[in-house]
1. Name the single residue, out of those in region 334-348 being within 14 Å of the ligand (Cβ to nearest atom) and in a helix (DSSP H, G or I), that is nearest to I192 (Cα to Cα).
2. Being over 30 Å from R56 (Cβ atoms) and among the β-branched types (V, I, T) is the filter here; which residues of region 359-382 pass it?
3. Residues of region 288-309 being under 23 Å from R154 (Cβ atoms) and either away from the ligand (no atom under 15 Å from the Cβ) or of a type in the set (A, V, I, L, M) (or both), which ones?
4. Tell me the residue from Y357, Y312 that is within 13 Å of the ligand (Cβ to nearest atom) and over 30 Å from M201 (Cβ atoms), please.
5. Pull up region 387-432, narrow it to residues that are within 21 Å of the chain's Cα centre (by Cα), assigned to a helix (DSSP H, G or I) and aliphatic (A, V, I, L, M), then point me to the one that is surrounded by the most Cβ atoms within 10 Å (Cβ to Cβ).
6. Return the residues of region 95-108 that are exposed (fewer than 12 other Cβ atoms within 10 Å of the Cβ) and in a helix (DSSP H, G or I); say none if nothing qualifies.
7. Which one is surrounded by the most Cβ atoms within 10 Å (Cβ to Cβ), of the residues in region 137-188 that are within 16 Å of the ligand (Cβ to nearest atom), of a type in the set (K, R) and not in a helix (DSSP H, G or I)?
8. With the condition being without any contact (Cβ under 8 Å) to a residue 40 or more places away in the chain, I'd like the helices (runs of 4 or more DSSP H) fully within region 1-68 carrying at least 2 qualifying residues.
Amino acid sequence: MADTSFDIIIVGGGPGGYVAAIRAAQLGMKTAVVEREHMGGICLNWGCIPTKALLRTSEVYGLIKHAESFGLSVKDVSFDAKKIVERSRKVANQLSNGVKGLMRKNKITVFDGVAKLAGTEAGGARKLAVALNDKSNVTLTAKNVILATGARARQLPRLETDGKLVWSYKEAMVPPEFPKSLLVIGSGAIGIEFASFYRTMGAEVTVCEVLDRILPVEDEEVSAFAKRAFEKQGMKILTSATVSNLKKGTDSVTATITAGGKTQEITVDRVISAVGIVGNVENIGLEGTKVRVEKTHIVIDPWGFTGEPNVYAIGDVAGPPWLAHKAMHEGVLVVEKIAGVKGVHPMVTSNIPGCTYCQPQVASIGLTEAAAKAKGLQIKVGKFPFIGNGKAIALGEPEGFIKTIFDAKTGELLGAHMIGAEVTELIQGYSIAKTLETTEAELMATVFPHPTLSEMMHESVLAAYGRTLHI
Ligand SMILES: Cc1cc2nc3c(=O)[nH]c(=O)nc-3n(C[C@H](O)[C@H](O)[C@H](O)COP(=O)(O)OP(=O)(O)OC[C@H]3O[C@@H](n4cnc5c(N)ncnc54)[C@H](O)[C@@H]3O)c2cc1C
């Protein structure tokens, strides 16, 4: 009989849960994870990783189609949808198995099953009722429980996904064949990444966004630049547009869309609904506890505490931003707080970078220009275009810009916003700068290697103070 009593149990083996488990084991806690499906959660199995594998394919395909501009001639370029999907699944499986290996290495017990809170023992330990996947049941106990149950796709009335013609991100990732025409509802990171992938692979893509711009959480200039870039690639973008109905045919869908006071119908092979996510808060035993749920998410303080003694929450189930690195960071900090590690810092949401891996890529951190102004801050803004950077030209990637925003009074780095090649890798420079609370002075005094795209970050900082060199 396996051990049933632990120092800490984590419900959910996604990036929040498995990272929390590793840190707990490192700190000497007897640790268990309960996972109902795949170790690695949405991120490794149905999110970050398989989408990036698909997007790598479309990136390479896009480059091959422009081979001539690199002095290469490539004939008869074609693709095999089945093999593209197979590669993406192989990458996802490799990483999910890697997480299982990490659990073994760290001596973490993994229970395959569904867990819910089930009160406390006389001694105060939390009880978890677990319905194991082999149909047996077990009650586990632990001093502390972390809820890391993640989130799922939001469904809107009349736009519900059916897995065949109207896809959620899951079906969009494993299509039996690629659609020739596609409507993407919602222009957040998930919707835009699929729109970018399928457009590059040749589909006629229409993106429909209810707000007045795409990638609505990004800086307005980035949204506008992205819209122009996507339209140049042949995507149709409808903003301030509402899809009110989806009429399903045998192998197509007719969508009713209202934009600018006009209603039109468009018929497409497939629809992807990417209209947000809801937290997995049901059936986890929250009834009768002090855990509060707001807008389908568990309310936590900046340490992951829920208000119910010894019950914590992290990651997507604990609210936005719905990002794997936020989940992992929360996992580490809550465990360190529980263990009484000294010098643990609470979560600072404005220091969490966000990335969208479309072509061109988008990355940002901190306040947008509009948000900084709305806060009444006096700001200095610097912008540098990719066209002014040697490495960007050499790569054949002259499209994009980097924008940096400082507090004019203190020199505090308030935000950075980028669009263009590899910006999802560059943003980390600003993440470190923000965490270290650097000002413009340190960033200006930093030596950036040449030739790199990162030089544009330096130039953008210099531009904020009228000192840019290469434009
Ligand atoms: C298409 C797509 C692309 C994405 N791309 C990115 C990206 O590029 N970068 C990024 O940072 N984020 C990305 N995300 C978001 C990212 O996947 C999530 O932020 C991340 O997975 C959240 O981690 P988590 O541990 O909170 O939850 P999850 O990864 O959702 O894991 C929760 C786990 O809990 C399990 N579970 C739930 N309830 C129970 C229960 N009662 N008992 C046992 N187990 C349970 C689930 O099976 C699941 O495995 C993407 C998401 C999608 C959908």
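1. Per the stated criteria, the residue is V334.
2. Scanning region 359-382 gives I379, V381.
3. Those that are under 23 Å from R154 (Cβ atoms) and either away from the ligand (no atom under 15 Å from the Cβ) or of a type in the set (A, V, I, L, M) (or both): V291, R292, V293, E294, K295, I298, V299, I300.
4. On the way: Y357 fails: over 30 Å from M201 (Cβ atoms).
Matching residue, one of Y357, Y312: Y312.
5. My answer is V423.
6. First, pick out the residues of region 95-108 that are exposed (fewer than 12 other Cβ atoms within 10 Å of the Cβ): 101, 104-105, 107.
Within region 95-108, G101, R104, K105 qualify.
7. That would be R152.
8. Fully inside region 1-68 and qualifying: 48-65.
Quick note: the coordinates plus some simple rules give every number you see, no bench work behind them. Since the structure is predicted, the reported quantities are computational estimates derived from the model, not experimental observations. Virtual Cβ from ideal backbone geometry, glycine too; neighbours counted across all protein chains shown.
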